[in-house]
1. In segment 51-75, what residues are of a type in the set (A, V, I, L, M, F, W, C), loosely packed, with under 15 Cβ neighbours inside 10 Å and under 16 Å from the mean Cα position of the chain (by Cα)?
2. Within segment 201-225, track down each residue that is modelled with pLDDT of 95 or more, of a type in the set (Gly, Ala, Ser) and exposed (fewer than 15 other Cβ atoms within 10 Å of the Cβ).
3. Within segment 134-145, track down each residue that is under 17 Å from Pro121 (Cα atoms) and touching a Lys or Arg at 6+ places or on another chain (Cβ under 9 Å).
4. Which residue out of Ala237, Ala162, Ala173, Ala178 is closer than 30 Å to Asp102 by Cβ and touching a residue at least 60 places away in the same chain (Cβ under 8 Å)?
5. One residue is enough: does segment 88-103 have a residue meeting the conditions surrounded by fewer than 13 Cβ atoms within 10 Å (Cβ to Cβ) and either closer than 30 Å to Arg61 by Cα or in contact with a strand residue (DSSP E or B) (Cβ under 7 Å, 6 or more places away or on another chain) (or both)?
6. Has segment 67-89 got any residue that is in a loop (DSSP other than H, G, I, E, B) and within 21 Å of Glu166 (Cα to Cα)?
7. Only one residue in Val46, Val31, Val60 is under 26 Å from Ile233 (Cα atoms), touching a Phe, Trp or Tyr at 6+ places or on another chain (Cβ under 8 Å) and in a strand (DSSP E or B), so which one is that?
8. Only strands (runs of 3 or more DSSP E) wholly contained in segment 98-200 count here; list those with 3 or more residues that are among the polar types (S, T, N, Q) and within 27 Å of the chain's Cα centre (by Cα).
Amino acid sequence: MKRGLLVLLLLIPMLLRAQVGEYRTDLAVGVSGGYMMSTVGFVPDVPQNMLGGMTGGLTVRYTCEKYFKSICAIVAEVNIAKTGWKENIKDIDGQSVYYASDVNRSNPLAYERHLTYVQMPFMARLGWGRERKGFQAFIQLGPQIGFLLGESTKSNLISGAAMANERASVVVAQDTMAVEKKFDYGIVFGGGLEFSHRKLGHFIVEGRYYYGLGDIYRNSKSDFFGRSNFGQIVIKATYLFDIIKTKNDKIK
């Protein structure tokens with residue numbers, strides 16, 4: 001009985017360690033770049049198409065543990081992103097809208113707002129597969145903050161010009177309003193696939209979605225918009241190289 005109890009006591013630290021997982025101290029840094037498709041969720045609604053733009057920056061990843069088959073890591077990025085919105089200006093019949101002076105109907109009304117942000121996501125990541133040589137699938141989730149660096153407009157709208165047909169949406173306040181809230185925050189999540197090589201590093205492709213919890217315009221009862229948050233789809237590629245690697249020959 002005593003011998004069995006002694007064996008059990010000796011096994012407890014090993015069992016606890018197994019529950020905690022296999023520790024890692026892997027640090028990798030690199031660069032990323034991709035394509036972003038953006039809209040702004042206006043309330044009242046503004047009809048839109050997705051606005052495309054580039055995003056890119058620096059990435060840091062710290063891998064801290066392997067828990068059962070899940071590889072746990074933290075990912076932080078600093079990116080410059082081109083975002084904004086592109087209005088889908090149509091009449092009540094779904095046709096493009098023209099000025100009366102455009103007799104050939106060659107220049108439909110168009111409006112784009114281009115916004116440049118520095119974005120900083122901080123994500124928890126879970127991966128399954130190879131760490132040093134081979135493929136690994138992963139998902140990641142976390143908060144993201146952003147700060148507006150600048151904005152510009154691409155438009156052919158002319159105030160007071162006679163129209164050949166009228167636009168269906170009467171919500172046009174956003175066309176002349178500068179962004180009022182430069183700070184942005186929200187939740188980002190996504191997943192992808194990574195290929196690792198012991199000497200060459202890590203090559204990653206992924207998709208992610210960002211849902212803004214903040215608004216670009218004030219939203220009190222006296223303001224025009226009740227909501228004006230970002231929705232962004234990002235497809236990107238990342239290259240990381242190892243700075244610190246856990247010394248363990250069993251890691252595959």
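The values are calculated or read from the model by the stated rules, or taken from the named source; none is laboratory data. Bear in mind the structure is a predicted one, so any value in this text is a computation, not a measurement. Every residue, glycine as well, gets a Cβ built from its backbone with ideal geometry; the counts of neighbours run over all protein chains shown.
1. Met54, Leu58
2. Answer for segment 201-225, where residues must be modelled with pLDDT of 95 or more, of a type in the set (Gly, Ala, Ser) and exposed (fewer than 15 other Cβ atoms within 10 Å of the Cβ): just Gly207.
3. If the condition is that a residue be under 17 Å from Pro121 (Cα atoms) and touching a Lys or Arg at 6+ places or on another chain (Cβ under 9 Å), then Phe138, Ile139, Gln140, Leu141, Gly142 are the ones that fit.
4. On the way: Ala237 fails: closer than 30 Å to Asp102 by Cβ; Ala173 fails: touching a residue at least 60 places away in the same chain (Cβ under 8 Å); Ala178 fails: touching a residue at least 60 places away in the same chain (Cβ under 8 Å).
Every option except Ala162 fails the conditions.
5. Scanning segment 88-103 turns up at least one residue that is surrounded by fewer than 13 Cβ atoms within 10 Å (Cβ to Cβ) and either closer than 30 Å to Arg61 by Cα or in contact with a strand residue (DSSP E or B) (Cβ under 7 Å, 6 or more places away or on another chain) (or both).
6. Pass one, segment 67-89, residues in a loop (DSSP other than H, G, I, E, B): 68-69, 88-89.
Next, from what is left, pick out any that are within 21 Å of Glu166 (Cα to Cα): 88-89.
Yes, some residue in segment 67-89 is in a loop (DSSP other than H, G, I, E, B) and within 21 Å of Glu166 (Cα to Cα).
7. Checking each option against the conditions leaves just Val31.
8. Because the criterion is at least 3 residues that are among the polar types (S, T, N, Q) and within 27 Å of the chain's Cα centre (by Cα), the strands (runs of 3 or more DSSP E) in segment 98-200 that meet it are 134-155.
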